[in-house]
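Note sheet for the following structure.
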Amino acid sequence: MMNIHRSLLLAAALTLGTGAALAQGSGEAQQRRQEIDSNAQAVLDELLQQESARNLYGRAVGYAVFTVTKGGFIVSGGGGNGVAVDKGTGQRTYMRMGTAGVGLGIGGQRYSLVMLFETKDRLDKFIAGGWDSRATAEAAAGKEGVSVQSSFFDGVAFYQITEKGLMAQADVSGTKFWVNDELR
């Protein structure tokens, strides 16, 4: 467990290391927030072309959108930046994520991860970092993972969008999300 935690932190640091340099000045931080917002809106627009996703979005109290870069050889790691949005208040929380895992495979991939939150409690726990991605990801990857998700599982719906389009199943096991203090 400690090795996975270290791998997660190392992967996040390597992937996101340039993000800290970009966010040093307030003007640069504002520019970075605008880039994240613009990307999140484009990803959300693409997702909402799916009727089932549109229906869930209409019921969601908030959402989060991340751009993720992931790679590895046997041990994988990755990270990304994104924003969590409370639809009721419009409050935007800029966040980072890091992920690590072990498995067969080699290569890299870039994708967008969208999470829709059914309740304010689930959204708030996610933003506070008190959210366990493993349990939700394992359940969401069951039989229903083959088709585009049409319901919330444990208050969250996941979508992964790659260059090839929408994938209903998102691999978020071993993923940690936290507030990006540099972009507050």
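The values are calculated or read from the model by the stated rules, or taken from the named source; none is laboratory data. Being a predicted model, the structure only gives us computed values, none of them experimental. Don't worry about glycine lacking a Cβ; one is built from the backbone with ideal geometry, like all the others, and counts go over all protein chains shown. Ligands, DNA and RNA are stripped out before the accessible areas are found, and what is left, the full protein with its side chains, is counted by its heavy atoms. Shrake-Rupley method; radii C 1.70, N 1.55, O 1.52, S 1.80 Å.
Within region 22-67, the residues that satisfy the criterion of being of a type in the set (A, V, I, L, M), farther than 16 Å from M97 by Cβ and in contact with a strand residue (DSSP E or B) (Cβ under 7 Å, 6 or more places away or on another chain) are L44, L47, A53, L56, A60, V61. Checked against (1) open to solvent by 30 Å² or more (accessible area, probe 1.4 Å); (2) touching a helix residue (DSSP H, G or I) at 6+ places or on another chain (Cβ under 9 Å); (3) at pLDDT below 95; (4) outside any strand (DSSP E or B), K125 passes all but condition (2).
When the residues of region 31-75 are filtered to those that are among the hydroxyl-bearing types (S, T, Y) and outside any strand (DSSP E or B), which remaining residue is most open to solvent (accessible area, probe 1.4 Å)? Steps first, please.
Applying the first criterion (among the hydroxyl-bearing types (S, T, Y)) to region 31-75 yields 38, 52, 57, 63, 67, 69.
If we keep only those that are outside any strand (DSSP E or B) too, we end up with 38, 52, 57.
Numbers: S38: 77, S52: 30, Y57: 53 Å².
Ranking the candidates gives S38 first.
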